[in-house]
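All of the numbers you see were taken from the coordinates with simple rules; none came from a lab. Keep in mind the model is a prediction, meaning the values are calculated, not measured. Glycine also receives a Cβ, built like all others from the backbone with ideal geometry; neighbour counts cover every protein chain displayed.
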Amino acid sequence: MSEATNTNEKKKPPLNGRRALPPNNSNDEENEVPEMEAFGLIPRGFNPKDYLCVVDIHMFKEPHEMNKQQHHTDKYYSPKLIVRRGQPFQIQIDFNRPYKPETDQFWLEYLIGRYPQQNKGTYIPILLGDVLKPGEWGAKITHTENNSIHLSIMSSATCIIGKFRLYVAVSTPFGILRTRRNSATDTYILFNPWCQQDAVYLDDEKEREEYVLNDVGIVFHGNINDIKLRSWSYGQFEENILDACLFLMDKAELELSGRGNPIKICRVAAAVINARDDNGVVAGSWDNTYTYGVAPSAWTGSVDILLEYYSSKQPVRYGQCWVFAGVFNTFLRCLGIPARLVTNYSSAHDNNANLRLDFFLDDEGKLDTKLTKDSVWNYHCWNEAWMTRPDLPVGFGGWQVVDGTPQETSDGMYRCGPASVQAIKHGHVCFQFDAPFVYAEVNSDIFYSRREKNGTQVIEKIDTSHIGQLIVTKEIGGDGMMEITEEYKFQEGSEEERLALETAVMYGIKKQTTQDTMYQPQTDVDMDFQVQKAVLGSDFKVTITFRNKSHNYYTATTYLSGNIVFYTGVTKNEFKKHSFSAKLEPSSSSAFDVVIKSSEYLSDLLDQASFHFFVTARINETGKILATQKATVLEIPTLRIKTQGEMVAGKQMSVTVEFTNPLKQTLENVTLRLEGPGVLRTMKKEFRQIPTNSTLIWEVKSIPKRPGLRKLIASLNCDALRHVYGELNVQIQKP
């Protein structure tokens, strides 16, 4: 005992004149609970064995037993009891003799953290009662047999989420006798979307199965004209993931008493998911150099990232928006908060939140990259979490936007949300948190302006429909796409949309007017262009079409700029410049082709094979400028996954991954990853070289743990080629 006290002396935190107890913000730390708490002097002949004594406690914590079955926690790969709050669970206590209710008195104690206090909900004594009140702490005896009693215990529907320690206390005339600290009786308590009194209650069973219990999902990426999808393994039930998620709240130093509130949890988690300003989970990198780390496109799921962070306590390198969103989704679903990953196509990153993205052109109509600070992301992923919002007026509960990608600071930290989707749709951006930023991401207008020689700014074009054209998430119970644009905005051009915008402006969103600048759009000539769909490594063409609606004969000096861009819309470099003069006959349309050769783009290609074309044309007769832009993504080859032999839980099976190199160059230092929750732990393999047109075959043996429909996900990664994925649904049979 003396050793233990010494170590405790060392760990005592510095006292602070403002609070009687240090902050209780770690689920991991414990206090020492005395086994004998004497009321005064203990008489000589006192023997604890003479009184009611606890011999054993049965937690019924196996996946097939009633607790985990009734609480939908049977999938968690953990030997401890895991229950959801506001719903009863059962335990059995064995005493040294039959329990006599008339004379024996005992109670249960649940404790969490280092400084448990009853008024903070971190020390919970539970006395026996006759009835269980829904949603309040209580316990009652359901039946007695020999020396054993069965108890039904109800937890509060607002209880703290985390890992509690359980003690049984017996009252004797001379003091309180407690059971010894036993980690086998630790109880995890999670959010409960099945319980009407819980703030995260969701009433549809199909939705609960998808948004809480599904451990794989789909990330939609690419761009609005070419939607691509890939699977992501959330793995919220895998070994140690629950502990890793609880550790994130310790890392964010969220006071334990606040951990029953999903709003607070989402707010601190949005900051701790990214490494900016708090050494959080994932370090972002958007510059295409991923030395000393894993390229964002190589990850196939959240498990490796969370486990690495949990053991190293250092940010895991590297992530981009879908990685932050994938890890965040795992965290939310693991704790029991319904969550989904959402993609917004053509997402505005508006540096000064004025609802307009400014693209500046120079005299010739080319984009001025020095002046242009705003960018349009081809797509941006964030999360929605489901909860009530008692801190806002009625009607703003339900889906809330939370975003862990570091874009802008909020209350001094890189995070975003929770912001009510309903409030964003109706323009009520005054309601916390960060609604104006999300409103701008889905509603900004693009202004193309040009500065004349005399300094006046001329707006050449305003594009009101380019931003937030499509917002999607995975459909319930399938791998398809579900459009949710209507949840965020009214129909483009409708009266309601106008009203929502006026409301947003009233609540302080800056909306610059066009009165202080000249704006006379060109109306008698339309210009548009189409990019041919192409596979990585092949040539393709861009077709520019003009429609001259006037009776005049025009010539247009046309300039096409092809840029290799990050998916965030930020340019790496211009790989194609092409100017030509177009003759436009009156009342007719004409088309012009520009060929893009693979040799022009291959050497500079970035990991999402993303191009951004910018076409400007000056009508020489009127001096008016037409401008339009489009992003396009190349088709990237896929991996093929096959299985051989029978697939039965507990028996060895074989999985092969195949890939053929389509490029005109040898691929070097190639990494393959393969994972499948419940089927195999993540496996990695390095290949030194894959020559042109040759096929790589990798065979893996594994023993699937769980029967049912599972998904295998693979990725291939090297400097010349990224975002190569493959997946396969497999049906694992019962043994």
Dividing the mean separation of Cα pairs under 8 Å (6+ apart) by the residue count of the range 640-732 yields a relative contact order in percent of 34
Peptide ranges 334-341, 261-268, 384-391 listed from the most packed, as the mean C-beta count within 10 angstrom indicates: 334-341, 261-268, 384-391
Can you tell me which lysines have their Cα less than 20 Å from the Cα of LYS100? Leave out same-chain residues fewer than eight positions away. LYS49, LYS140
Hey, can you grab everything whose amide H is under 5 Å from the amide H of PHE529? Only 5+ residues off in sequence or another chain; H modelled, so Pro and N-termini drop out. THR545
Taking the dipole about the Cα centre of the range 525-633, with the C-beta of Lys and Arg at +1 and of Asp and Glu at -1, give me whichever of HIS551, VAL525, TYR567 is farthest to the positive side. HIS551
R0 of 30 Å, Cβ-Cβ distance GLU658-ASP528: FRET efficiency to nearest 0.05: 0.15
For the range 597-678, what is the convex hull volume of its Cα atoms per residue in Å³? 165
Length gained when the stretch THR409-TYR507 is fully extended (0.36 nm per residue, less Cα-Cα span): 33.3 nm
Separation in nanometres of the label points that stand 7 Å from Cα toward Cβ, at ALA184 and GLU699: 4.4
Evaluate the chain: find the radius of gyration of its Cα atoms, find its Kirkwood radius, and give the ratio Rg to Rh. 1.06
Among ILE112, SER148, ASN47, flag the residue with its Cα farthest along the positive direction of the charge dipole of the range 36-190, charges on Cβ as +1 for Lys/Arg and -1 for Asp/Glu. ILE112
If each residue of separation counts as 0.36 nm, what is the full-extension length gain between THR144 and ILE224 once their alpha-carbon separation is subtracted? 22.3 nm
With +1 on each Lys and Arg Cβ and -1 on each Asp and Glu Cβ, and nothing else charged, work out how big the dipole of the chain is about its Cα centre, in Debye to the nearest 20. 1280
C-alpha long axis of helix 321-335 to longest principal axis of the chain, angle in °: 20
With a Förster radius of 51 Å, plug the Cβ-Cβ distance of THR369 and GLU255 into 1/(1 + (r/R0)^6) and report the FRET value to the nearest 0.05. 0.65
Candidate lysines - alpha carbon under 18 Å from LYS75, same-chain residues fewer than 8 apart omitted: LYS61, LYS163, LYS206, LYS705, LYS711, LYS734
Applying the Karplus parametrisation 6.51 cos²θ - 1.76 cosθ + 1.60 with θ = phi - 60° to the phi angles of the range 364-380, what ³J(HN,Hα) value in whole Hz is obtained for each residue in order, glycine and proline being reported as x? 7, x, 7, 5, 8, 6, 6, 7, 7, 9, 6, 9, 10, 7, 3, 7, 9
Looking at the square roots a ≥ b ≥ c of the eigenvalues of the Cα gyration tensor of the range 36-190, which shape do they give, rounded for a/c under 1.5, prolate if a/b is larger than b/c, or oblate? prolate
Net charge near ALA649, counting Lys/Arg +1 and Asp/Glu -1 over other residues with Cβ under 13 Å of its Cβ? +4
Beyond 31 Å between alpha-carbons counts as too far, so tell me which of LYS576/LYS642; LYS474/LYS664; LYS664/LYS684 fall in that bin. LYS576/LYS642; LYS474/LYS664
Which FRET efficiency value, to the nearest 0.05, do you get for GLU207 and ARG44 by plugging their Cβ-Cβ distance into 1/(1 + (r/R0)^6) with R0 = 56 Å? 0.30
Between helix 241-251 and the chain: long-axis angle, C-alpha atoms, 0 to 90°, nearest 10: 80
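Evaluate the relative contact order of the chain (contact order divided by residue number), counting alpha-carbon pairs under 8 angstrom at least 6 apart; express in whole percent. Before the final figure, lay out the partial values.
Working: 1773 pairs, mean separation 66.4, N = 735.
Answer for the chain is 9 percent.
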Classified through the alpha carbon gyration tensor (a ≥ b ≥ c as square roots of its eigenvalues; rounded if a/c is under 1.5, else prolate when a/b is larger than b/c, else oblate), the range 216-507 comes out prolate
Rg/Rh for the range 189-317: what does it come to with C-alpha atoms and Rh from Kirkwood? 0.99
Subtract the Cα-Cα distance of ASP287 and PHE60 from 0.36 nm times their separation in residues, and report this length gain in nm to one decimal. 76.6 nm
If the cut-off is a Cα-Cα distance under 19 Å, which lysines reach LYS583, setting aside same-chain residues fewer than 8 apart in sequence? LYS549, LYS624
Cα-based helix-to-principal-axis angle, 303-312 vs the chain, degrees rounded to 10: 60
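Counting only C-alpha contacts under 8 Å and six or more residues apart, can you give the relative contact order of the range 198-317 as a whole percent?
So the answer I get is 23 percent.
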Shape verdict for the range 640-732, please, from the Cα gyration tensor: rounded (a/c under 1.5), prolate (a/b greater than b/c) or oblate. prolate
Between SER538 and ASP391, what is the label-point separation in nm under the 7 Å Cα-to-beta-carbon projection? 5.2
